[in-house]
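Beneath this line is the structure, given in structure tokens, with notes to follow.
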Amino acid sequence: MSESTVAPEFEGRYLRDVFGHFPTSVVAVTTIDDQDIPVGMVVGSFTSVSLEPPLVSFLVDKGSSTLPKILETGRFCANALAGDQESVCRQMSKKGVDRFAGLDWQRSVTGNPILDGVVAWVDCVIDKTVELGDHHLVVGAVHELTVASPKSPLLFFRGAFGEHTSVTR
């Protein structure tokens, strides 16, 4: 970077406050490890990347203990949590517990967990990962996907969970 393009420094709390004003989806990223144990984590940065070829991505902190397990399998399923699944989100975010305890799920064609009750899911094979700042960007090639429910999605906005409310035009 040249001197004229050096980014200014910001205090972390200020960045979080401003970024918190951008609503994000709440997505459980899941896989099955080499011991046939379901593995998952929650991300708030899932997005479509390309329609041709169909690609999606998510960002995860470099310190994640779950990401290496997902990368080892080479695949994942992105489950868009429904507005009534805040408890699923909280469970899938805890450290040191069975994140799938009490949750119902099915296997995708590639073997990844598809959580019951989600709005939609996208089953992927990892295409690439890129290290960006304090996160990893994981790009997945879409293998299969579906809208599973007409429910409203769970969202995260200004530090709180909520549901999408339709706005008429």
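In this model, which of Lys62/Lys94; Lys62/Lys95; Lys94/Lys128 are farther than 22 Å apart at the alpha-carbon?
Details: Lys62/Lys94 17 Å; Lys62/Lys95 15 Å; Lys94/Lys128 27 Å.
From the list (Lys62/Lys94; Lys62/Lys95; Lys94/Lys128), the Cα-Cα distance tops 22 Å for Lys94/Lys128.
Comparing region 32-85 with the 2.2 N^0.38 Å rule of thumb, its C-alpha radius of gyration ratio is 1.25 (two decimals). Each stretch of four or more DSSP H residues adds -39500 (n - 2.57); spread over every residue of the chain, this sum gives -3500 deg cm²/dmol at 222 nm. Pair-distance distribution of region 95-169: all C-alpha pairs, bin width 10 Å, starting at 0; shares per bin in whole percent are 14, 29, 43, 13, 1. Compute log10 of I(q)/I(0) for region 1-99 with the Debye formula, placing one identical point scatterer on every Cα and leaving out solvent, at q = 0.11, 0.12, 0.23 Å⁻¹, to two decimals. Reported log10 I(q)/I(0), two decimals: -0.45, -0.53, -1.29. Accessible surface computed residue by residue for the chain, with neighbouring protein chains in place and a 1.4 Å probe, gives 61 Å² per residue.
Taking the three principal axes of the alpha carbon atoms in the chain, the coordinate ranges are 52, 41, 38 Å, sorted in descending order.
The values are calculated or read from the model by the stated rules, or taken from the named source; none is laboratory data. Everything numeric here is computed off the predicted structure, so don't read it as measured data. Ligands, DNA and RNA are stripped out before the accessible areas are found, and what is left, the full protein with its side chains, is counted by its heavy atoms. Shrake-Rupley method; radii C 1.70, N 1.55, O 1.52, S 1.80 Å.
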